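Everything below concerns the one structure shown next.
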Amino acid sequence: MYENGYSQKGKWKEECGVYGIYSEMEDVSSMTYLGLYALQHRGQESAGIALTDGAWMDVTRGMGLVNEVFRHQLPHMENQRIAVGHVRYSTTGSSLLANTQPLLVNYAGGRIAMAHNGNLTNAAEIRHSLEQEGTIFQTSIDSEVIVNLIARSRKETVEERIMDSLLKVKGCYCLTIMTEDKLIGARDPQGFRPLCIGKTEEGSWVISSETCGLDVVGAAFVRDVEPGELVVIDKDGLHSRFFAKGEKRAGCIFEYIYFARPDSVIDGQSVHEARFEMGRILARESGFQGDVVMSVPDSGTTAATGFAYESGIPFAEGLIKNRYIGRTFIQPTQKKRDTAVRLKLNPVRSLVDGKSVIMVDDSIVRGTTSGKIVKMLRNAGAKAVHMCVSSPPIGFPCYYGIDTSIRKELIAATKSVEEIREYIGADSLHFLSLEGLKQCVPKLNADDMCYACFNSAYPIADGEKPAGDSKYVFERGKC
Ligand code: AMP
């Protein structure tokens, strides 16, 4: 079986990335390809691009990285005007070709293609009632519920149909949708996941999960899509409507800790600055002393540099990551798992030998990575290993777009900090406090964020137990 070392079942995964372009003159297919390339960190299982020339609509999708899916050829249409794209990591439904996005459907009002990032908490309920009425589903992903609701809506215009449908679903979603003549973006009423709008000098409009997807095509940031907002881009420009307003915001704090790229800015808050601040506060809170600060690359690096800056202890690139392990990397047998980690990460012995090492990582989920890293550093001669984590202990599952709903797999659900320290074999262990974390996003109202994976304060009233406990909820016999 082919498997990426970082995508074993039960391990947290990134969610998806969505993209869309409306352009009168630029090559929307190539631009979407570049945009998806920039969003690749949000999902590496599959990728797809849907195109329209104003009359016809087509989609090309496949399993793998963006450059694998479009290795031979980019989708193309004469007079292509609009594109939507998607990169996926499965949070509902297996990693199968049938579950790739964008979804493209024909309905009485025309055609639509849709890309979804997030997780709906009431999709099973809705799907069940639609199935009872005879609706046929072709995938096992929650996103298909939305296109079915749009197709069945009695409202007149496509915008109204979409808004009507979004009022029925609960949970977390950022969408890019295209019709033959419109590009539409929507963000759920609580704004869990990021979505922003940009514009190129040539006048093309771009909608992207993150600002790094605007930068790559030379689009200037215009603004974020607001929670509960539907933005519609057509030949007359951008129009905005709200299908929900005034709900308490609940932006995902984990976007700043791990998911998003550090060069992105989400809702006015730079991801890099937030991560750097996490490192500074970690240094103050832990008071750890050592000879050198190191990180688990790449996600721990920005926080590690913040730790080094605050503590005055030098940062060194003591773990080297092999960047060429693609998703087709073959996971060896259980016996050879240590080899797998060594293939991915290897210490620089001269930086580690005889040193007291402060090692910074962004999170501990099951404790596997930290345990292996501590062992690796000790084998390389470390005198002591002090583990610093730039997030609080993750004790509760996320139902809003992260692939783990199995609480018993989360090490912090069953072990105290001291027990975790013992389990991973570190000399000391410190997790960033929740209060400290809240100080790291000064551009945001810290109370408008979702911290449910740390404190179980689920922002959606019935969110703690969405219908169905598993990502395989729509795959009979698999739950
Ligand atoms: P674990 O080994 O299970 O404790 O997972 C912690 C490691 O996984 C850390 O090195 C994180 O950088 C990384 N990580 C955190 N969230 C995710 C995610 N969503 N997908 C893949 N890796 C992650």
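The values are calculated or read from the model by the stated rules, or taken from the named source; none is laboratory data. Keep in mind the model is a prediction, meaning the values are calculated, not measured. In this analysis, Cβ positions are derived from the backbone assuming ideal geometry, glycine residues included, and neighbour counts consider all displayed protein chains. Accessible surface areas use protein heavy atoms only, side chains included; no ligands, DNA or RNA. Shrake-Rupley method; radii C 1.70, N 1.55, O 1.52, S 1.80 Å.
Remark: spin-label model distance Phe242-Ser428 equals 4.8 nm, labels positioned 7 Å along the Cα→Cβ axis. Full extension of the segment from Arg71 to Glu202, taken as 0.36 nm per residue of separation minus the current Cα-Cα distance, would add 44.4 nm. Farthest towards the positive end of the charge dipole of the chain, among the residues Tyr258, Ile126, Met359, is the Cα of Met359, using unit charges on the Cβ of Lys, Arg, Asp and Glu. Protection proxy ranking, highest mean first, for peptides 441-451, 115-125: 115-125, 441-451, where packing is the per-residue count of other beta-carbon atoms within 10 Å, averaged.
As a fraction of the 1.4 Å probe accessible area of the stretch 16-259, surface on carbon and sulfur atoms comes out at 47 percent.
In whole percents, the pair-distance distribution calculated for the stretch 274-442 from its alpha-carbon pairs, binned every 10 Å from zero, is 11, 38, 38, 13, 1. Summarising the amide proton neighbourhood of Thr211: residues at separation of 5 or more, or on other chains, whose placed amide H is nearer than 5 Å comprise Val265.
Quick one: in the stretch 134-288, what % of C-alpha pairs are over 21 Å apart? Walk me through the numbers before you get to the answer.
On the way: 6194 of 11935 pairs.
So the portion of pairs separated by more than 21 Å is 52 percent.
Each residue of the stretch 238-253 was assigned a 3J(HN,Hα) from its phi angle through the Karplus expression (A = 6.51, B = -1.76, C = 1.60, θ = phi - 60°), giving 9, 10, 10, 9, 10, 9, 8, 9, x, 6, 5, 5, 8, x, 6, 5 Hz with x at Gly and Pro. By definition, a body whose alpha carbon gyration tensor gives a ≥ b ≥ c is rounded when a/c is under 1.5, and the stretch 16-259 falls into this rounded group. Projecting the Cα atoms of Met25, Val87, Thr52 onto the charge dipole of the stretch 16-259, computed from C-beta unit charges around the Cα centre, puts Val87 farthest toward the positive end. Relative to the longest principal axis of the Cα atoms of the chain, the long axis of helix 301-311 lies at roughly 40 degrees. Considering only Cα atoms, the convex hull volume of the stretch 33-100 works out to 84 Å³ per residue.
Past 25 Å, Cα to Cα: identify those pairs from Lys168/Lys438; Lys235/Lys443; Lys155/Lys235, in the order given.
On the way: Lys168/Lys438 32 Å; Lys235/Lys443 34 Å; Lys155/Lys235 23 Å.
In this structure, Lys168/Lys438; Lys235/Lys443 lie more than 25 Å apart at Cα.
Per q in 0.07, 0.08, 0.09 1/Å, what log10 I(q)/I(0) does a Debye calculation on the alpha-carbon atoms of the chain return? Per q value, in the given order, log10 I(q)/I(0) is -0.36, -0.47, -0.59. For the stretch 274-442, the solvent-accessible area with a 1.4 angstrom probe is 43 square angstrom per residue. For the stretch 24-144, the solvent-accessible area of protein heavy atoms averages 38 Å² per residue (probe radius 1.4 Å; ligands and nucleic acids excluded).
The residue among Met387, Pro297, Ile325 whose Cα reaches farthest toward the positive pole of the charge dipole of the stretch 274-442, with charges on the beta-carbon of Lys, Arg, Asp and Glu, is Ile325.
Taking only protein heavy atoms and a 1.4 Å probe, the accessible area of the stretch 274-442 is 51% carbon and sulfur. The spacing between the stretch 424-464 and the stretch 72-135, judged by their C-alpha centroids, is 32 Å. Relative to the dominant Cα principal axis of the chain, helix 28-38 is inclined by about 20°.
Dipole size of the stretch 146-189 about its Cα centre, with +1 on Lys/Arg Cβ and -1 on Asp/Glu Cβ: approximately 240 debye, rounded to the nearest 20. Dipole magnitude for the chain: about 1740 debye, using +1 per Lys or Arg Cβ and -1 per Asp or Glu Cβ, origin at the Cα centre. Rounded to the nearest 500, the 222 nm mean residue ellipticity of the chain from helices alone is -6500 deg cm²/dmol, with -39,500 (n - 2.57) taken per DSSP H run of at least 4 residues.
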